Amino acid sequence: QVQLVESGGGLVQSGGSLTLSCVASGDDYSNLDMAWYRRAPGNQHELVARVMYNFNINYRDSVKDRFTISRDNAKSTVYLQMNSLKPEDTAVYYCNAQNRASTASYWGPGTQVTVSS
């Protein structure tokens, strides 16, 4: 069982920056693929960015060149650096971990990001 705790959300003006962090515990972090998802009111969960166990990375098109995902295996932490934030980035952001071997998927409780225009 993996436990995930996110932090770093908040209120920011359009064009501003925030960094989200997610600390994982309960499993070998090097075996986990880590990702950030978000859910805006009335919308479905959508993948924002993923960093695999081997550090391969992918982003959704709308955040490319603005967001950066990274992981620190020594700290069992994944980060999402968000720059040039837009009001449409407003959502609850969720950390996700997926075990490569078992494919079990785990979610954090979420952290609210609000971007004012």
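Taking the Cβ of His45 as the centre, find all other residues whose Cβ is under 14 Å away and add up their charges (Lys, Arg: +1; Asp, Glu: -1). Result for the neighbourhood of His45: +3. Scaling against 2.2 N^0.38 Å puts the C-alpha radius of gyration of region 26-65 at 1.36. Springs between alpha-carbon pairs under 10 angstrom, Gaussian network model over the chain: which of Ala24, Ala97, Ala40 fluctuates most? Between Ala24, Ala97, Ala40, it is Ala40 that shows the largest mean-square fluctuation. Counting Lys and Arg as +1 and Asp and Glu as -1 over every other residue whose Cβ lies under 15 Å from the Cβ of Pro87, the net charge comes to +1. Once you divide the Cα radius of gyration of region 21-117 by 2.2 N^0.38 Å, the number left is 1.05. Counting heavy atoms of the protein chains alone, Thr19 has an accessible area of about 60 Å² for a 1.4 Å probe.
The residue among Gln13, Tyr93, Val51 whose Cα reaches farthest toward the positive pole of the charge dipole of the chain, with charges on the beta-carbon of Lys, Arg, Asp and Glu, is Gln13. For region 1-88, the relative contact order works out to 32 percent when only alpha carbon pairs closer than 8 Å and six or more residues apart are counted. Taking every alpha-carbon pair under 8 Å whose residues sit at least 6 apart, region 39-117 reaches a relative contact order of 23 percent. With only the Cα atoms considered, region 1-71 has a convex hull volume of 112 Å³ per residue. Sparsely packed loop sites in region 29-117 (the trypsin sites (Lys or Arg not before Pro) outside DSSP H, G, I, E and B with at most 16 other Cβ atoms within 10 Å) comprise Arg60, Lys64, Arg66, Arg100.
For the pair Met52 and Gln112, label points projected 7 Å from Cα toward Cβ lie 3.6 nm apart.
The values are calculated or read from the model by the stated rules, or taken from the named source; none is laboratory data. All values reported here derive from a predicted model rather than from experimental measurement. Note: ideal-geometry Cβ built from the backbone for every residue, glycine included; neighbour counts use all protein chains shown. These area figures cover heavy atoms from the full protein model, side chains too; ligands, DNA and RNA do not enter into them. Shrake-Rupley method; radii C 1.70, N 1.55, O 1.52, S 1.80 Å.
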